[in-house]
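The next block holds one structure in the form of structure tokens; read it before the comments.
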Amino acid sequence: METQGQHVEQFAYKAEMQQLLHLIIHSLYTHPEVFLRELISNSSDALNKVRFRSLTDTPLVSAEAELSVRITTDKDNSKLIIEDSGCGMSREELIENLGTVAKSGTLEFLQKVREGKQSTEGDLIGQFGVGFYSVFMVTDEVIVETRSADPDEKAWKWTSGGEGTYTIEPSDKETRGTSITFVLREEHKEFAEDYRIQSIVKKYSNYVDFPIYVNDEKVNSVTALWHKKSADITEEELEEFYKFVTNDFDKPLGHIQLSLEGAVEFKALLFIPSVAPAQMFRDMEERSANLYANKVLIQQHCKDLLPEYLRFVRGVVDTPDLPLNVSREVTQNSPVMAKIRSVITGKVLGLLEDWAQNDTEKYNTFYKNFGMMLLLGINNDYANRERLIKLLRFSTSLTENDTRISLADYVGRMKTDQKEIYYISGDNRAQLLGSPNIEYFVKNSLEVLLLTDPVEVFTAPYIGEYEGKRLIAADKAELPNENDTTDENKAENETSLLGMFKEILGDKVEDVRLSKRLVSSAVALVAGKQGLDPHMEKMMKMMDKDFAPTKKALEINPDHPLIHNLTTLAEKDKDNVLVKDAVQQLYDAALLLDGGLTNPTDFINRMTNFMAKATSV
Ligand code: ADP
């Protein structure tokens, strides 16, 4: 296509991009105003990039231009222009940045949201700045004119109606940076109102580092809130700042303000969110607090500011002890950063300890959202291991549904002769409470920690011990008096009973033994003497489908009526088919409960036969 002698090239969006745009435009947002936050945030990133470049000797286009964002409203024509003096984009960058989805997984995530499988939309906007394209919520066509800061590059004009295609042609823009121009759709005309734009800027972008002008009037505060004394900061400012840093719509659960002088100097304003992000583990990889040097942002989401398990903490850290053009490699290995990290970690744990002690409700809210992160810390932060263990909370066989207790609480109410801390792991509380393996514990009011979150299941065994009390799996634990001797007559009966089971089950089990732990169930599988901790075994199976489990021992409840009946039947006729089938059935049922029954066909057939016999008249 040729227009006025200039070459206009047309491009099609990648398929994924088209779907993404469709989602954004038609179903995603109920807060269309966030388009402005997204555009300003892109401008702010672009301005930061030029600020960096200006620290080096690289030549810059418009070297003298003020670093700012300028918004012009044209009410009569429902038009909006957002212009920055940032780094701009070359032709290649335009194609790369505005023609493809940057983050892998974005589309899948957004689709899930649309299908209602994710939490509220408010969270979504916060966590997934889909950025630039959100502008298509309010307009049908966008024009981006941009000139790179690099003097070797030309200026370009990018135009798109959102769905399908975009065009690129040369532009006569002379100054460095990017301007974004569009006419608002009828139903979004309000965004061409001066006052409306001002209030949106104040709401979402008040703390952007660069001045934002709306029709030549500066509207944001450009103050570094963390440099103010904490007494001078209002609740509103804190909340606003938190929302700015996180894109969250909720209030934070708490905050920490620090000002340190001495060997390392820094100020910090950090927040603990009240709700966990929808994709916590992904967030851990990508997000963190922001690093400033003398009020200038030098790294957004600086991973080295916090240990991995505390990356849910958001906010800013500002130190004059790092150079402005510090690189990732430097922050990774810098002793200044190590010091900052250790101080912040200590302060965050201190705040949590304070909540745990003085504000249980708050701590419980925190734990529900982020408790599993503390468990991750146990294996990664040896310096704070003991503190972290004290902060853990567990659901147990004696607690109500939602309540969790500390290991200190557990130890405090241990029975006088109890020497160990028991736990059991499984998919959910109800399943664990019904497990034959804890019948003994329940009957004797011995408390058992119930581990159901995968992180809990995996890490809890590494706690090892608490105040000299070993943590052990209830389904492996040796029970008190387990080796009691019984009278001889009984012993003889029992020997033949065990013999019968052993003969029928053969080498399917490591051993068959009488159980002390079973109260109402007839049999249960427990870890064999050579077996792994049952807990670990479940984990291995979760990670490796081909993992071959070790053999287990079958425990039998000699007081169960079914076991009595089988013994009597077997005494009369050693080869009774019913006895054989019943023993097999008991074993398969135990396997089923233990999660190890791979082929249910025989189990079902046997059960059907039993029922047919029982119901025949
Ligand atoms: P994100 O900002 O999350 O990366 P966007 O879709 O908002 O995603 O933007 C994609 C990319 O386009 C940005 O990463 C940036 O490289 C580029 N970009 C967007 N707006 C600007 C701008 N005003 N100046 C320079 N580059 C920009």
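Observations
- For the range 397-451, the pair-distance distribution built from all alpha carbon pairs, in bins 5 Å wide starting at 0, is 4, 19, 33, 26, 15, 3, 0 percent.
- Remark: for residue pairs LYS502/LYS529; LYS476/LYS516; LYS508/LYS613; LYS228/LYS362; LYS443/LYS469; LYS228/LYS295, the C-alpha separation exceeds 18 Å in LYS508/LYS613; LYS228/LYS362; LYS443/LYS469.
- Calculated FRET value between MET414 and GLU9, using beta carbons and R₀ = 56 Å, to 0.05: 0.15
- Rg/Rg_ref, the range 225-362, where Rg_ref = 2.2 N^0.38 Å and atoms are Cα: 1.01
- FRET efficiency estimate (nearest 0.05) - Cβ-Cβ, ASN428 to LEU562, R0 45 angstrom: 0.95
- In sequence order, the range 148-156 has phi-based couplings of 5, 5, 7, x, 7, 8, 9, 8, 9 Hz under the Karplus curve 6.51 cos²θ - 1.76 cosθ + 1.60, θ = phi - 60°, and Gly or Pro positions carry x.
- Global geometry of the range 351-420, whether rounded, prolate or oblate, following the gyration tensor of its Cα atoms and the 1.5 cut on a/c: oblate
- Theoretical FRET efficiency, 1/(1+(r/R0)^6), r = Cβ-Cβ of LYS229 and ASN333, R0 45 Å, to 0.05: 0.85
- Amide H partners (placed H, <5 Å) of LEU532, local residues excluded: THR550
- Whole-Å distance, taken between Cα centres, linking the range 230-260 and the range 338-373: 16
- Net length available on complete extension from ILE143 to THR452 is 106.0 nm, with 0.36 nm assigned per residue and the Cα-Cα distance removed.
- Inter-probe distance in nm under a simple model that places probes 7 Å from Cα toward Cβ, at ASN576 and GLU193: 8.7
- Candidate aspartates and glutamates - alpha carbon under 18 Å from LYS580, same-chain residues fewer than 8 apart omitted: GLU494, GLU503, ASP507, ASP511, GLU555, GLU571, ASP588, ASP602
- Axial C-alpha extent at least 18 Å, average Kyte-Doolittle at least 1.0 - helices from the chain (DSSP): 577-593
- For the range 488-614: rounded, prolate or oblate by the Cα gyration tensor [a/c cutoff 1.5]: oblate
- The amide H of VAL214, built 1.01 Å from its N in the peptide plane, has ILE71, VAL219 as neighbours under 5 Å, considering only residues 5 or more places off or on other chains.
- The calculated 222 nm mean residue ellipticity attributable to helices in the chain amounts to -12000 deg cm²/dmol, summing -39500 (n - 2.57) over DSSP H runs of n ≥ 4 and dividing by all residues.
- Available extension along the chain between ASP152 and ASP57 is 32.7 nm, counting 0.36 nm per residue and deducting the alpha carbon span.
- Shape of the chain, Cα gyration tensor, a/c cut at 1.5: prolate
- Bridge orientation summary for the range 225-362: considering DSSP beta bridges with both residues in this region, about 85 percent are antiparallel.
FYI, it's all coordinate maths here, none of it is from the lab. Small disclaimer: the values here were computed from a predicted structure and weren't measured. Here the Cβ is made from the backbone with ideal geometry for all residues, glycine too, and neighbour counts use every protein chain on show.
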